[in-house]
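To keep things clear, I will list the structure first and then write my remarks on it.
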Amino acid sequence: MTLFRLAISALFILSSIAAAQARTVWVDDQLYLPVRSGAGSQYRIIENAVPSGTALEVIETSDSGYTRVRTPKGNDGWVSSQYISDTPIAADRLKTVSRQLEQAQTELSSLKAQLSEVSNERDSLSNAETTLSTRTEELQEELRRIKSISSDSINLKRRNGELLGENQKLRNDLEVLTAENERLEASKESDFMLVGAGLVLGGVFLALVIPMLKPTRKTDNWA
């Protein structure tokens, strides 16, 4: 069991070392970097002219000033450690920053467009709110007017009933006055006929009485 644990621990340590060494480095500002078959300039070149900025996978490091790497072409070899860097070269960093800047500018333009759209929507909603407020005030005023008209209508209906009652009373009084007038007219005609008859009788009476009141002439004896 102890040997098994030691084997597991050893494998874990080796895996940790391999993981620690499996990192990426970049060819520094060196125009051409040869990849050699061994850790020294005396070894043959297996890949020539690796350009600046090329990403290399680190396989192994040594104290001799060389690092074993794997190139993008899949070749394993050794390069001088002084010409590699843990960070991309300035040109690549500049390109990355430029891309990030362009992306940021694109996002900024998009955000500005969204902001403008939101501002327009806000203005539209504000105008709609103002219109609705105005319409609400108009409707409230119309409601007050309708209530006033309804109140006046109720008053007018009550007043109309009162006037109808007064009109009916006046009609009744008119009928009574008309009947009384007709009676008075009939009485007046009767009195006029009586007066006329009286005058006729008076004239006849006078015609009969007046001759009787005249003095008779005496016979003149000297005739």
Hey, can you tell me all the residues within region 48-59 that are over 60 Å from the mean Cα position of the chain (by Cα) and modelled with pLDDT under 90? ASN48, ALA49, VAL50, PRO51
Restricting attention to region 40-60, which residues are open to solvent by 40 Å² or more (accessible area, probe 1.4 Å) and not in a strand (DSSP E or B)? SER41, GLN42, TYR43, ARG44, PRO51, SER52
Residues of region 81-90 being more than 14 Å from SER52 (Cβ to Cβ) and surrounded by 13 or more Cβ atoms within 10 Å (Cβ to Cβ), which ones? SER81
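One line per residue, one yes/no per condition, for (1) among the polar types (S, T, N, Q); (2) out of contact with any strand residue (DSSP E or B) (no Cβ under 6 Å at 6 or more places or on another chain); (3) touching a residue at least 24 places away in the same chain (Cβ under 8 Å):
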{"position": "SER52", "(1), (2), (3)": "yes, no, yes"}
{"position": "ASP63", "(1), (2), (3)": "no, yes, no"}
{"position": "LYS73", "(1), (2), (3)": "no, yes, yes"}
{"position": "VAL79", "(1), (2), (3)": "no, no, yes"}
{"position": "THR87", "(1), (2), (3)": "yes, yes, yes"}
{"position": "GLN100", "(1), (2), (3)": "yes, yes, no"}
{"position": "ASP123", "(1), (2), (3)": "no, yes, no"}
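The values are calculated or read from the model by the stated rules, or taken from the named source; none is laboratory data. Because the structure is predicted, anything quoted here is derived from the model rather than measured. Neighbour counts run over all protein chains shown; Cβ positions are idealised from the backbone, glycine included. Accessible surface is based on the protein model in full, side chains and every heavy atom, while ligands, DNA and RNA are left aside. Shrake-Rupley method; radii C 1.70, N 1.55, O 1.52, S 1.80 Å.
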